[in-house]
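Shown next, in structure tokens, is the structure this report addresses.
The values are calculated or read from the model by the stated rules, or taken from the named source; none is laboratory data. Bear in mind the structure is a predicted one, so any value in this text is a computation, not a measurement. Cβ placement follows ideal geometry from the backbone for every residue including glycine, while neighbour counts extend to all protein chains displayed. Heads up: the accessible areas ignore ligands, DNA and RNA and are worked out on the full protein's heavy atoms, side chains in. Shrake-Rupley method; radii C 1.70, N 1.55, O 1.52, S 1.80 Å.
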Amino acid sequence: MRLLIWLFFLLFVAAAPARAQQISIELGKSPLPINQYFTISIRLQDQQLKEYTPFPQIQGFKKSSRYSSTKTITTAGNTTTILTIVQNYAPLEEGQHVLKPFSMKVNGQTVQSQGMTIQVTPMQANAAQSPNLPDLITDEEEQPAVVDEEPEFLDKEDKAFLNLYTSKKEVFVGESVTIALYFYLAEEDQRLLDFYDFANQMTGIMRQLKQANAWEEAFEFTEISPEQVLVKGKPYLRFRLYEAVLYPINLQDFRFPQLQLKMIKYRLARNPNLLAEDRQEGYKTFYAPERVVQVKELPPHPLRNVVPVGRYRLQERLTQQHVPVNKSFTYHFEVRGEGNLSAIMPPVPAGPPGLEFYPPDVRQDITRRQGRVLGGKTFAFTVLPREPGTYNMGQTMEWIYFDPVTAAYDTLRPVLLVHVTGARDSDALVLSRDLGAFYNIIENEDNKLVSLHFFEEIRRYTNIVLFVLLAITAFVFIKK
């Protein structure tokens, strides 16, 4: 029986991590207006995303952008991470559309969805506008040699270019800058160009984009889907090849070298027919010009080398506003905004003697979307009040940061009040703990002072008694 119990315990322990790692599919809302996205999301708990099959096609919808978000929750030393990949779908027409049951393979695991009926309603006001696009960058075309005056296949000029986009030209130490590598292709030139050895080329490109002096938050892409954009009023397809947000950790500038991408370039047949190929494969290399982002030092301040940089706001919450003496409560100090959330440290409580603060539990959620990293970090402090009174949490802690937009230091201070009721108990620290049976009998013990030589005297008299008893025993033995 004991062997069976041990086997069950070992199986339970071995299965625990597998239960903790969960994968699920979540569907968006219905009904939705025609100018809003429907979404399908993959949700992973406590594991990294390694691979997944493409999101399904939906009749009446067109695949659009994709983004990811990460939540990290730390409670009592246990950390849970939730990664969500969201695929947007743009509706093409109003009415009812059926998303049939489908399955996706994520990290080798098959995940099922029952599908749903999606109701698309008329447009709502305040539709989102397309972001500004970078100017067209022209490159010299690589012209192949002309074999004869009337070649069978002709080269057609393409309208395509490679561009490395940086959201800022200069940043402070710790300030975010978004970089993105785009390939633009005119819609009418889709038959002229195709990607060549893409995975290997991107490995080399990403190696050139890495910055040794940066904290990087990279956006994940498993498939490259074109977006329809306008460049100088003309329709283009934009392929987002790479995107990340960088935070400089020292005064060294970000330097991005000239990047190159080799593409398949087709030559079109002069007189196409059904019996022969109508295009001939060749190659063309596109170049993105080098970029430099200058890094500036923060203005003078005693905490210049340790303060976080970003745009933040404070959200705070108390589990109770009226608390009896010696009854704990929780104070939530949440920093929300845009910046390097992973580098944010908790505020250090320096409150009055009447409040005792314990190390906080930490919860973090990060959303990477449209070239920005947003989210929040929550520090949940357990507080034990020792004396009655009204306490202003703003007098217990503060959080200093640097705002790169205003180029000034700022401070987040709490404003909530907590009211501690009851009478002060000087013995509360001892009585609040279970110290065992020894302390339960202290009140019944004699508190009279005892001489330091008392135990030596007891030992001397005890030795005399033992000697007398030994002598009597020896005398009786000899007499017999």
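Does residue 387 meet the test of being over 25 Å from the mean Cα position of the chain (by Cα), crowded, with 17+ Cβ neighbours inside 10 Å and of a type in the set (Asp, Glu)?
yes
Of (1) surrounded by 16 or more Cβ atoms within 10 Å (Cβ to Cβ); (2) at pLDDT below 95; (3) among the small types (Gly, Ala, Ser), residue 426 satisfies all except one. Which?
Going through (1) surrounded by 16 or more Cβ atoms within 10 Å (Cβ to Cβ); (2) at pLDDT below 95; (3) among the small types (Gly, Ala, Ser) one by one, residue 426 breaks only (1).
I'm trying to understand the selection: among the residues of the range 37-56, which are modelled with pLDDT of 85 or more and either open to solvent by 60 Å² or more (accessible area, probe 1.4 Å) or farther than 29 Å from residue 73 by Cβ (or both)?
37, 43, 54, 56
Give the residues of the range 309-325 that are touching a Gly at 6+ places or on another chain (Cβ under 6 Å) and assigned to a loop (DSSP other than H, G, I, E, B), sorted by residue number.
325, the sole residue that qualifies.
One line per residue, one yes/no per condition, for (1) more than 30 Å from residue 402 (Cβ to Cβ); (2) open to solvent by less than 70 Å² (accessible area, probe 1.4 Å); (3) at pLDDT 95 or above:
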{"position": "254", "(1), (2), (3)": "no, yes, yes"}
{"position": "258", "(1), (2), (3)": "yes, no, yes"}
{"position": "301", "(1), (2), (3)": "no, yes, no"}
{"position": "341", "(1), (2), (3)": "no, yes, no"}
{"position": "365", "(1), (2), (3)": "no, yes, no"}
{"position": "369", "(1), (2), (3)": "no, no, no"}
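What number of residues in the range 347-362 are in contact (Cβ under 8 Å) with a residue 24 or more places away in the chain, in a loop (DSSP other than H, G, I, E, B) and open to solvent by 50 Å² or more (accessible area, probe 1.4 Å)?
Total meeting the criteria: 4.
Exactly one of (1) within 30 Å of residue 67 (Cβ to Cβ); (2) outside any strand (DSSP E or B) is unmet by residue 380. Its number?
Going through (1) within 30 Å of residue 67 (Cβ to Cβ); (2) outside any strand (DSSP E or B) one by one, residue 380 breaks only (2).
Scan the range 371-380 for residues that are at pLDDT 95 or above and in contact with a Ser or Thr (Cβ under 8 Å, 6 or more places away or on another chain) and report the count.
1
State yes or no: is residue 112 open to solvent by 80 Å² or more (accessible area, probe 1.4 Å) and at pLDDT 90 or above?
Yes: the conditions hold for residue 112.
Name the residues in the range 351-372 that are in contact with a Phe, Trp or Tyr (Cβ under 9 Å, 6 or more places away or on another chain) and either closer than 22 Å to residue 80 by Cα or of a type in the set (A, V, I, L, M, F, W, C) (or both), would you?
Scanning the range 351-372 gives 355, 357, 358, 359, 360, 361, 362, 363, 367, 368, 369.
Keeping to the range 19-36, report how many residues are surrounded by fewer than 16 Cβ atoms within 10 Å (Cβ to Cβ) and assigned to a strand (DSSP E or B).
Residues flagged as surrounded by fewer than 16 Cβ atoms within 10 Å (Cβ to Cβ) and assigned to a strand (DSSP E or B) within the range 19-36 amount to 5.
Go through the range 195-213 and report how many residues are outside any helix (DSSP H, G or I) and surrounded by 14 or more Cβ atoms within 10 Å (Cβ to Cβ).
4
What are the residues in the range 206-227 that are over 25 Å from residue 309 (Cβ atoms) and without any contact (Cβ under 8 Å) to a residue 12 or more places away in the chain, if any?
207, the sole residue that qualifies.
Examine the range 267-280 for a residue that is acidic (Asp, Glu), surrounded by 12 or more Cβ atoms within 10 Å (Cβ to Cβ) and over 29 Å from the mean Cα position of the chain (by Cα), and state whether such a residue exists.
Within the range 267-280 (the criterion being acidic (Asp, Glu), surrounded by 12 or more Cβ atoms within 10 Å (Cβ to Cβ) and over 29 Å from the mean Cα position of the chain (by Cα)), the answer is yes, since at least one residue qualifies.
Of the conditions (1) within 30 Å of residue 23 (Cβ to Cβ); (2) modelled with pLDDT of 80 or more; (3) within 28 Å of the chain's Cα centre (by Cα), residue 78 satisfies every one except a single condition; which number is it?
So residue 78 meets the others, but not (2).
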